[in-house]
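The values are calculated or read from the model by the stated rules, or taken from the named source; none is laboratory data. Since the structure is predicted, the reported quantities are computational estimates derived from the model, not experimental observations. For neighbour counting, all protein chains shown are included, and Cβ atoms are generated from backbone atoms with ideal geometry for every residue, glycine included. Only protein heavy atoms, including side chains, enter the accessible area calculation; ligands, DNA and RNA are left aside. Shrake-Rupley method; radii C 1.70, N 1.55, O 1.52, S 1.80 Å.
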Amino acid sequence: MATKEMSYVKKELPGKILNIGIALLAIGLIVGAFGLLLDPTRAKFSYLLGFFYLLTIGMGSLFLISLEYVVNADWSTPIRRIPEFFAATVPLFIVVAIPLFFFIHDLYHWSHTDAVSSDALLKLKEPYLNITFFVIRVVATFVIWALYYFFIVRNSRKQDETRDQKLTKRNIVASAIFIPVFAITITFSAIDWMMSLEPHWFSTIYGVYVFSGTMLAGLAATTLAVVLLKDNGYLHPKMTNDHLSSLGGLLFGFVNFWAYIAFSQFLLIWYANLPEETFWFIDRWEGMWGAITLTLIVVHFLVPYALLLPAPAKKDPKRLKFAAVWILVAHLLDLYWLIMPQYHGEKSGLHYILTEFGFPIAAIGVLIIVFYFNFKKHNAVPVGDPKLDRGLNFRL
Amino acid sequence: MERNTKLHGLVALFDTPDQIIHAAEKVSHSGYKDFDIHTPYPVHGMDDAMKLKPSKLGYVTLVFGLSGAAFALLLMWWTMVVDYPMNIGGKPFFSLPAFIPVTFELTVLFATLATVIGMITFFFRFPDNKHPLHDTPYMQQVSRDKYGVFIGASDPKFNAKEVRALFESLGGKQISEIMEFEKTWQDAFNPKFIGILVTTVILVSGGTYFTLNKLLYITPFNWMEHQFRGVPQEKSDFFADSRMMREPVAGSVARGHMPYEFKDSVAQPADPLENPLVNSAEVFRLGQKKYLTFCSPCHGNYGDGDSRLNQQFPNPPSLHTAKLREWKDGNIYHVITNGQNVMPSYSHQMTVKERWAVVSYIRALQKAKNASETEIEQFRKENTSNGN
């Protein structure tokens, strides 16, 4: 195997990519602003949708990095920089979330003190669901995530020059601490941002459900970027399709995990048939929402399952590219299914639906711009990582 | 097993996984089709080096997995919808969400069993348990710490000299010939083999049974097996007369028992009991059933005393005599309960309620048999007016 040493050469992404990112951001913001004029409340919900799309992809990527350190994976070392670049959006969350602070009364029923005072259930939940504590939780969560991101990435980049093995050890310790913290914070985020849109409803598996989508989103974004970059020679030339197979296997696994969690949530509520739980699903079953729910099952589970089931498909760059884009779209549909019925309620209709996708498109634009600048500034392969060689020699 | 002089193939051993990957690449590159690699553990990258195509076993898994899903759904549809529909929590008989866990389990069960059985039969050629590479020093080495390559003599490109040269150029050690077995496969049905198998099964299962049920037997909760309770006919250490069965305490009344105050009087009581039952279709139906079971064999189906036992016994009296029709209900009840002349007591065959129901039924028979013209006319009138 000891053939000629092929080393990594840093290349810059074409400026076209930046233009695409800026164009998507601009189009998204213009469409979103248009939506704000047409139907302000609806547009505010769609802002939450776009924000969560950004958040889940960023946090999924951050979780992938921590996972690599904790399980001491070799195979993912050559591609670790890709989730690092996506996770660069994590420090931006606190900025992107500022408009949501002003939308809070339109989005969250529990934020109205007069509504809470006449509602026994909301009164009971008031010690948790109040604006002050909400803001404290949100800010604390974002700060913890950003701190972890900066710690990991600084060590990872320092290693490119110093090749110090201690940095890996430090990152492993940080990641081991971060994973349980992540489990708690992502659950709180899911409950605070999305489940509390319907403050009367509760589901204990909701946090895991949102986590499964988060992980899938980060994984799909990473897979898409890795396949595109590898095809165009931006990554280490010694990388093989066996690395892709691992990504494909993880994608396939988490498609199943999402379906398992989603079905677990549904089955228990359906079986128990308690009115205080079932109404959430009834909101997502009546009118056009029934069609969207069934579409979600097909788009988020059946199609990606069939796409990724055969062993060769997990290695095939074309198939993986398609599956990754498909899953990213499915993930947006999943978030839409979680958030938007809370706005629509009784109303059903897809009028000016396009404006709803303004902010998610802007989120994609943000991701691309952040990715471009990080790619420009830093090595796309952690050249100083002690596991890099073993990772490159990874074979199935 | 005896080996003959027919060559099965050539083998060579290597020391490191890198060498064996290199050897596998070279051998497959040289165009050999019938070759194999043996390693003590799975070596990463071997599939590519050997240019192996993806295994066909996946199709077996897929087909049987889908069959398992279809079977599960059919099974539940048949049992829960067609054959024995049951209302469970008000859900529809065909409740897909409730069926999904079972469908999933059976899919996995079918797929895994089919994969294992398919692997054993198609790929390991069960029940052929003999392979020429078995019982060779080569197999011992590759099971321990060496990496082996094998090229079969059945390969069209096979030439012992060339293969030997190839192995030598790759750095292979202990290059040796493997000969065919004398006979290929009959060991699975060898009496000695079967004898050992049966003995093993008996010893293992018997030993397991003995160990778990006799040697290490513990009774975690034996209070159901040994209860503090008297069993009929058992000897008692507690009571002075050593009998477990006791007489009830004096004056105790059996549950549901209603004493009859004229039990000892043969003559009709002067002030008989009153019928506690209110006439209703239900009472008459019960009375009819009991009458036809216990009374009709002697008294006849309609109380005329004309049953098939007529002339064989002292004839039972008709129930339509003036005396009986003038009796109170309690008098008839007294006869049923205590018996009269040849007629025995029926208090053991019928409960109190059933006896009273029979009395009511006899009253109905008497009414029906002895109604006057005007009564019949009135009955008709009432019935037709009701009917209209």
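Considering each residue of the stretch B:124-138, count those that are outside any loop (DSSP other than H, G, I, E, B) and open to solvent by less than 70 Å² (accessible area, probe 1.4 Å), and give that number.
1
Please determine whether any residue of the stretch B:99-113 is aliphatic (A, V, I, L, M), more than 14 Å from chain A (Cβ to nearest Cβ) and farther than 23 Å from residue B:58 by Cα.
no
Is there a residue being β-branched (Val, Ile, Thr) and open to solvent by 90 Å² or more (accessible area, probe 1.4 Å) anywhere in the stretch B:227-241?
Among the residues of the stretch B:227-241, not one is β-branched (Val, Ile, Thr) and open to solvent by 90 Å² or more (accessible area, probe 1.4 Å), which makes the answer no.
Can you tell me which residue in the stretch B:1-57 is farthest from the other protein chains (Cβ to nearest Cβ), limited to those that are in a loop (DSSP other than H, G, I, E, B) and among the β-branched types (Val, Ile, Thr)?
Among residues in the stretch B:1-57 that are in a loop (DSSP other than H, G, I, E, B) and among the β-branched types (Val, Ile, Thr), the one farthest from the other protein chains (Cβ to nearest Cβ) is B:39.
Do we have residue B:305 as without any contact (Cβ under 8 Å) to a residue 60 or more places away in the chain and either open to solvent by less than 30 Å² (accessible area, probe 1.4 Å) or among the hydrophobic types (A, V, I, L, M, F, W, C) (or both) here?
yes
Out of the stretch A:99-113, which residues are surrounded by 15 or more Cβ atoms within 10 Å (Cβ to Cβ) and of a type in the set (Ser, Thr, Tyr)?
Matches in the stretch A:99-113: A:108, A:111.
Of (1) open to solvent by 30 Å² or more (accessible area, probe 1.4 Å); (2) under 47 Å from the mean Cα position of the chain (by Cα), residue B:68 satisfies all except one. Which?
(1)
Six or more apart or on different chains, Cβ atoms under 8 Å: show the pairs whose first residue is in the stretch B:270-286 and within 11 Å of residue B:356 (Cα to Cα) and whose second is β-branched (Val, Ile, Thr).
Correct list of pairs: B:275/B:359; B:277/B:283.
Suppose we filter B:121, B:112, B:103 for residues that are more than 30 Å from residue B:78 (Cα to Cα) and either free of Cβ contacts under 8 Å to residues at least 60 places away in the same chain or surrounded by fewer than 16 Cβ atoms within 10 Å (Cβ to Cβ) (or both); which single one remains?
B:121
Quick one: would you say residue A:259 is within 14 Å of chain B (Cβ to nearest Cβ), of a type in the set (A, V, I, L, M) and surrounded by fewer than 20 Cβ atoms within 10 Å (Cβ to Cβ)?
In short, yes.
Go through the residues of the stretch A:298-308 one by one and say whether even a single one is within 30 Å of residue A:341 (Cα to Cα), more than 14 Å from every other protein chain (Cβ to nearest Cβ) and surrounded by fewer than 15 Cβ atoms within 10 Å (Cβ to Cβ).
yes
So which residues in the stretch B:3-61 are open to solvent by less than 50 Å² (accessible area, probe 1.4 Å), free of Cβ contacts under 8 Å to residues at least 40 places away in the same chain and under 17 Å from residue A:393 (Cβ atoms)?
Listed by number, the residues that qualify are B:21, B:45, B:46, B:49.
Name the single residue, out of those in the stretch A:114-139 being out of contact with any helix residue (DSSP H, G or I) (no Cβ under 7 Å at 6 or more places or on another chain), part of a loop (DSSP other than H, G, I, E, B) and under 26 Å from residue A:181 (Cβ atoms), that is least open to solvent (accessible area, probe 1.4 Å).
A:130
Taking the stated definitions as given, is residue B:81 touching a residue at least 40 places away in the same chain (Cβ under 8 Å) and either in contact with a helix residue (DSSP H, G or I) (Cβ under 8 Å, 6 or more places away or on another chain) or over 30 Å from residue B:161 (Cα atoms) (or both)?
It is false that residue B:81 is touching a residue at least 40 places away in the same chain (Cβ under 8 Å) and either in contact with a helix residue (DSSP H, G or I) (Cβ under 8 Å, 6 or more places away or on another chain) or over 30 Å from residue B:161 (Cα atoms) (or both).
Which of the helices (runs of 4 or more DSSP H) contained wholly in the stretch B:317-388 include at least 2 residues that are open to solvent by 60 Å² or more (accessible area, probe 1.4 Å) and in contact (Cβ under 8 Å) with a residue 24 or more places away in the chain?
In the stretch B:317-388, B:352-369 are the helices (runs of 4 or more DSSP H) which contain 2 or more residues that are open to solvent by 60 Å² or more (accessible area, probe 1.4 Å) and in contact (Cβ under 8 Å) with a residue 24 or more places away in the chain.
Given the structure, is residue A:275 open to solvent by 40 Å² or more (accessible area, probe 1.4 Å), more than 13 Å from every other protein chain (Cβ to nearest Cβ), out of contact with any strand residue (DSSP E or B) (no Cβ under 9 Å at 6 or more places or on another chain) and over 29 Å from residue A:79 (Cβ atoms)?
yes
Only residues in the stretch A:369-395 that are within 14 Å of chain B (Cβ to nearest Cβ) count as the first member; pair them with residues that are acidic (Asp, Glu) and surrounded by 15 or more Cβ atoms within 10 Å (Cβ to Cβ), Cβ under 8 angstrom, at least 6 apart or cross-chain, and list the lot.
From the stretch A:369-395, the pairs are A:390/A:74; A:391/A:74; A:391/A:385; A:394/A:74; A:394/A:242; A:395/A:242; A:395/B:48.
Mind telling me which of the residues B:154, B:176 ends up being in a loop (DSSP other than H, G, I, E, B) and more than 15 Å from residue B:37 (Cβ to Cβ)?
Of B:154, B:176, the one residue that is in a loop (DSSP other than H, G, I, E, B) and more than 15 Å from residue B:37 (Cβ to Cβ) is B:154.
Of the residues that make up the stretch A:206-220, is at least one within 14 Å of chain B (Cβ to nearest Cβ), part of a helix (DSSP H, G or I) and under 30 Å from residue A:319 (Cα atoms)?
No.
Starting from residues that are over 16 Å from residue A:54 (Cβ atoms), among the aliphatic types (A, V, I, L, M) and open to solvent by 10 Å² or more (accessible area, probe 1.4 Å), keep the ones in the stretch A:206-228 and report whichever is farthest from the chain's Cα centre (by Cα).
Once the filter is applied, the top-ranked residue is A:228.
Do the conditions hold for residue A:163, that is, is it under 16 Å from residue A:388 (Cα atoms), in contact with a His (Cβ under 8 Å, 6 or more places away or on another chain) and of a type outside the set (Asp, Glu)?
Judged against the criteria, residue A:163 is not a match.
Quick check on residue B:182: is it among the charged types (D, E, K, R) and assigned by TED's automatic domain parsing to the domain that holds residue B:129?
Here the answer is yes, as residue B:182 does meet what is asked.
Only one of A:333, A:294 is surrounded by fewer than 16 Cβ atoms within 10 Å (Cβ to Cβ), within 14 Å of chain B (Cβ to nearest Cβ) and of a type outside the set (Val, Ile, Thr); which?
A:294
Quick check on the stretch B:186-193. Is at least one of its residues closer than 30 Å to residue A:263 by Cα and either open to solvent by 70 Å² or more (accessible area, probe 1.4 Å) or not in a helix (DSSP H, G or I) (or both)?
Within the stretch B:186-193, none of the residues are closer than 30 Å to residue A:263 by Cα and either open to solvent by 70 Å² or more (accessible area, probe 1.4 Å) or not in a helix (DSSP H, G or I) (or both).
Can you name every one of the helices (runs of 4 or more DSSP H) wholly within the stretch A:1-98 that holds 1 or more residues which are in contact (Cβ under 8 Å) with a residue 60 or more places away in the chain and open to solvent by 50 Å² or more (accessible area, probe 1.4 Å)?
Passing ranges, in order: A:15-38, A:40-71.
List the pairs whose first member sits in the stretch A:303-315 and is of a type outside the set (A, V, I, L, M), whose second member is outside any helix (DSSP H, G or I), and whose Cβ atoms are under 6 Å apart, counting only residues at least 6 apart or on separate chains?
Hits for this filter: A:312/B:54.
Criterion first (farther than 24 Å from residue B:131 by Cβ and in a loop (DSSP other than H, G, I, E, B)) does residue B:165 satisfy it?
Here the answer is no, as residue B:165 does not meet what is asked.
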